1. Could you tell me whether Arg270 is of a type in the set (Lys, Arg), under 24 Å from Ile161 (Cβ atoms) and either modelled with pLDDT of 95 or more or part of a loop (DSSP other than H, G, I, E, B) (or both)?
2. Go through (1) farther than 25 Å from Ala228 by Cα; (2) in a loop (DSSP other than H, G, I, E, B); (3) at pLDDT below 95 one by one and return the number of the condition Glu171 breaks.
3. Only one of Ser158, Ser150, Ser75 is of a type in the set (S, T, N, Q), assigned by TED's automatic domain parsing to the domain that holds Asn52, modelled with pLDDT of 95 or more and over 20 Å from the mean Cα position of the chain (by Cα); which?
4. What number of residues within the stretch 35-78 satisfy the criterion of being within 20 Å of Leu201 (Cβ to Cβ) and in a loop (DSSP other than H, G, I, E, B)?
5. Which number in (1) farther than 23 Å from Val27 by Cα; (2) among the hydrophobic types (A, V, I, L, M, F, W, C); (3) out of contact with any Ser or Thr (no Cβ under 9 Å at 6 or more places or on another chain) marks the one condition that Trp303 misses?
6. Restricting the search to the stretch 1-12, which residues are buried (at least 20 other Cβ atoms within 10 Å of the Cβ) and over 27 Å from Glu291 (Cα atoms)?
7. Looking at the stretch 16-31 only, could you name the residues that are crowded, with 17+ Cβ neighbours inside 10 Å and within 15 Å of Pro145 (Cα to Cα)?
8. What about Arg301, is it charged (D, E, K, R), part of a loop (DSSP other than H, G, I, E, B), without any contact (Cβ under 8 Å) to a residue 40 or more places away in the chain and farther than 21 Å from Ser188 by Cα?
Amino acid sequence: MVDEAAIATAVRLLRTGRLVAFPTETVYGLGANALDPDAVARIFAIKGRPRNSPLIVHVSSIEMAQSLVAAWPASADRLARKFWPGPLTLVLEKSRAGAALVHTEWNLAASPIIPSIVTAGLPTVGIRMPSHPIALALIRAAGVPVAAPSANRFTQLSPTIADHVRAGLGEDVDYILDGGPCHVGIESTVLSLAGPEPLLLRPGGVSRQDLESEIGPVVAVADLPDGAHPSPGMHARHYSPRTSLLLVANGDVPEHGEGIYLQHQHLPARFAVEVIEMPLTVPDYAAALYETLHRADSADRDWIAVDLPPDTPEWEAVHDRLRRAASK
C-alpha cells in the first residue's frame, strides 16, 4: 500500500535537494533528484562512495527513459517492454540535448540532461524502471528521474528492509519510505547497449539466459576498466558484512573461533557451529541473502562461512555477490 502523505513528504524533500531512502524490488535506494548535481554529491559524501562509480537513474516510464538518452535502440525497447518495471538496468549513451520532460505537477523549464557526477564523467547512463509501487509512486509524483545507489555505506551490506537503512545511515538520510522487505533481494542486472554488442556489466535480478532469449548472445565484462566504471557494483570488494566472510565447500568451516554457517547443501564439518539454512532455489536464496548476512553480522562472531551454491548459470548473480562480499 502506498502512503500518499509519506510520498508527498518525500517529494517535497527531493525537490529541495534532500535525500530520500525508498524501497525497490531489489534493495533500498538512497535517492536524489538526478538532475540536481549538488543533491547527487550528497549521496557520494554520505556513502563514502568514490566518484568513479556511477549511479543508476530510476524512471517511472519508458518515455522518461527515452528523454534521457541520445538513442533508444530496438534492443533497448525490446528489453524494456519485456522486463520493465523490474530489476534490469540498461546502459545507453546519455542525451546531450534531451527532449522536454513534462509532468502535470512539475513542468521542467529545461531539457533533462543527466549531470556528469551521476555518470562518473562517462557519456553513458544506466537507467531502470523499478517495479516496487512506492518507488514508482515517488518518481511519478516528483516528476523527475531519481539517482539512487543502495542506501548503505560504500562496500557494506545492501539494505533490504528499512531498519537496515536506519542502522547503516542513521540521521544522514533525510527521510525513509518504509515499504517492507525487498522481494528480489539483490541488485539489478546491468546491461550495456552502448557498444557494438550487448555487454553484461553486473549480473542481477534478470538472468543472462533471460536476456539472451530476447536479444541473442550477451558477453560478460572480462576486466575491470581503469578510471570510471561503466556500472556500479564492479569494485572487487562490495556487499560486505563487517564480520569476516568465508566461502567454503563441503562444509569445511574454520577449525577455530566461533562462527555462523550459512548452509545450502552440505552439513558443517564441525558440530559446535550455529547453522542458518539457506533456501534451495535461486529466487528464494537471493531474496534471503542480504537479510541473513545482516542478521549473522549482528551476532558478533569471528566469522561467517557460506556453503557455496552450485556453480551453474542460474546462480551467476548470487556467486557474484558472495565473491565480492568475501573479497579482502
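1. no
2. Failing condition for Glu171: (2).
3. Ser75
4. Summing the residues that are within 20 Å of Leu201 (Cβ to Cβ) and in a loop (DSSP other than H, G, I, E, B) in the stretch 35-78 gives 13.
5. Of the numbered conditions (1) farther than 23 Å from Val27 by Cα; (2) among the hydrophobic types (A, V, I, L, M, F, W, C); (3) out of contact with any Ser or Thr (no Cβ under 9 Å at 6 or more places or on another chain), the odd one out for Trp303 is (3).
6. Val11
7. Of the residues in the stretch 16-31, the ones crowded, with 17+ Cβ neighbours inside 10 Å are 18-31.
Matches in the stretch 16-31: Arg18, Leu19, Val20, Ala21, Phe22, Thr24, Gly29, Leu30, Gly31.
8. Numbers: charged (D, E, K, R): yes; part of a loop (DSSP other than H, G, I, E, B): yes; without any contact (Cβ under 8 Å) to a residue 40 or more places away in the chain: no; farther than 21 Å from Ser188 by Cα: yes.
Spelling it out, it is not the case that Arg301 is charged (D, E, K, R), part of a loop (DSSP other than H, G, I, E, B), without any contact (Cβ under 8 Å) to a residue 40 or more places away in the chain and farther than 21 Å from Ser188 by Cα.
The values are calculated or read from the model by the stated rules, or taken from the named source; none is laboratory data. Predicted model, so just to flag it, every value in this text is computed and none were measured. Every residue, glycine among them, receives a Cβ derived from its backbone with ideal geometry; neighbour counts consider all protein chains shown.
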